[in-house]
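Inspection log for the structure reproduced underneath, given as structure tokens.
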Amino acid sequence: MRRRHFLAGAAAAASCPAMALADPAAPPVSLLIAGPNGGQTDRWGNACALALSPCLPGAPSINIQNVGGLDGVSGANQFDALVVPDGKTAAVLPGAALIAYLTGDSRVHFDPTRWVPLLAGVNSGVLMLRGTTRNPDIDALRAGPPIRLAADQPQSRDLAAILGLARLGISTAPVFGLRDTDAKTRAFVAGEVDAVFLCGEGVPEDIAPLTAAGAVPFFDIGMLRPDGSIGPDLLLTDLRDAMSLGPAVMPNIDLAYQAAAAAAQLDFLLVLPRLTDPNAAAGWGQGVAQAITSPALIAAASASSITLQMAPVLSTAQRILAIQPAAQTSMLAYLAKTCGWQPS
């Protein structure tokens, strides 16, 4: 069963392995889902709600509120501006909202680096490159023509690939408007692009069609660790990450790449508002620690090639996202020069 269909069915069966003592008088709590009903973030939000409800203190019911579009920006704005930090409301948001924050989107009025982290769904990311060798020659790529990279837009997960190549001094000529993996793969097979960045749910299964068409993996974006470092991808264990391929040509671009890679890895995040009462946050944290072992939630993550990670990993991502203004300025200048793009 393919991952996109499996998730909804698995969510319906989610349950807490160690159920909290139910309190009939326990008031309900709320879960703000930054995305429309039926979207990917909504499916994860419902899965988390079903798994969490019996695990939170008093086993309260969880009310779902969908807010805004697929990129999560409107939902994140409402979460930051209107939700009282009393521990009664958490939010599930897509990693796309973090890309908008990083690239200076004028719609962004939230600061994700200050949210209280609870849970993250972490995905893989790998750059597939046309070639005949498993380990392409970086010097030859630097000296060669710009790589035609299939991409949606700079303000997308493809930003990690653009900056990953930039930190190595490799020029790119992005071909924008290719919104999903199928469109990018078709462009690669047709010879219209030289590289495809696979990132999100189901990356391991999406590699095969590109490999059959002559693509080889160049680098992955690693995986966030609780200690603040970037370790090997748990699903792509035989690849090297972009940071290990060599020192950065431009330090500020390197910092921007690390932030973009951290955002790209986050399929979804479960957070509380900043300044949430510590006791309430501890209750949510204990509930998440139990819910994450729910067989149904584990099965849903496995079917989507998602790794569920607790608060320390999400906290690492938040720290990396808090880049200095100089690094963001350098990134935006590079995107303007290379892609002709500026934030809206």
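The values are calculated or read from the model by the stated rules, or taken from the named source; none is laboratory data. Keep in mind that this is a model prediction, so the values were computed, not measured. Reconstructed Cβ throughout: ideal geometry from the backbone, glycine too, with neighbour counts over all protein chains shown.
Below are the figures for this structure:
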{"quantity": "Top-ranked residue of region 180-195 - restricted to ones that are surrounded by 13 or more Cβ atoms within 10 Å (Cβ to Cβ) and of a type outside the set (A, V, I, L, M, F, W, C), ranked as nearest to the chain's Cα centre (by Cα)", "calculated": "Thr181"}
{"quantity": "Test: residue in region 88-108 that is small (Gly, Ala, Ser), surrounded by fewer than 18 Cβ atoms within 10 Å (Cβ to Cβ) and touching a His at 6+ places or on another chain (Cβ under 8 Å)", "calculated": "no"}
{"quantity": "When residues of region 15-52 are limited to those that are surrounded by 15 or more Cβ atoms within 10 Å (Cβ to Cβ) and touching a Cys at 6+ places or on another chain (Cβ under 8 Å), the one modelled with the highest pLDDT", "calculated": "Leu31"}
{"quantity": "Wholly enclosed helices (runs of 4 or more DSSP H) of region 195-302 bearing at least 1 residues touching a residue at least 60 places away in the same chain (Cβ under 8 Å), in contact with a Pro (Cβ under 7 Å, 6 or more places away or on another chain) and small (Gly, Ala, Ser)", "calculated": "278-291"}
{"quantity": "Residue count for region 121-158, restricted to those that are within 30 Å of Leu93 (Cβ to Cβ) and among the polar types (S, T, N, Q)", "calculated": "5"}
{"quantity": "Given (1) farther than 23 Å from Ala76 by Cβ; (2) under 21 Å from the mean Cα position of the chain (by Cα); (3) buried (at least 17 other Cβ atoms within 10 Å of the Cβ), number of the condition Ser302 does not satisfy", "calculated": "(3)"}
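The rows are residues; the columns are (1) surrounded by 13 or more Cβ atoms within 10 Å (Cβ to Cβ); (2) over 15 Å from Asn123 (Cα atoms); (3) polar (S, T, N, Q).
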site: Asp220; (1), (2), (3): yes, no, no
site: Asp227; (1), (2), (3): no, yes, no
site: Pro232; (1), (2), (3): yes, no, no
site: Leu236; (1), (2), (3): yes, no, no
site: Met243; (1), (2), (3): yes, yes, no
site: Gly246; (1), (2), (3): no, yes, no
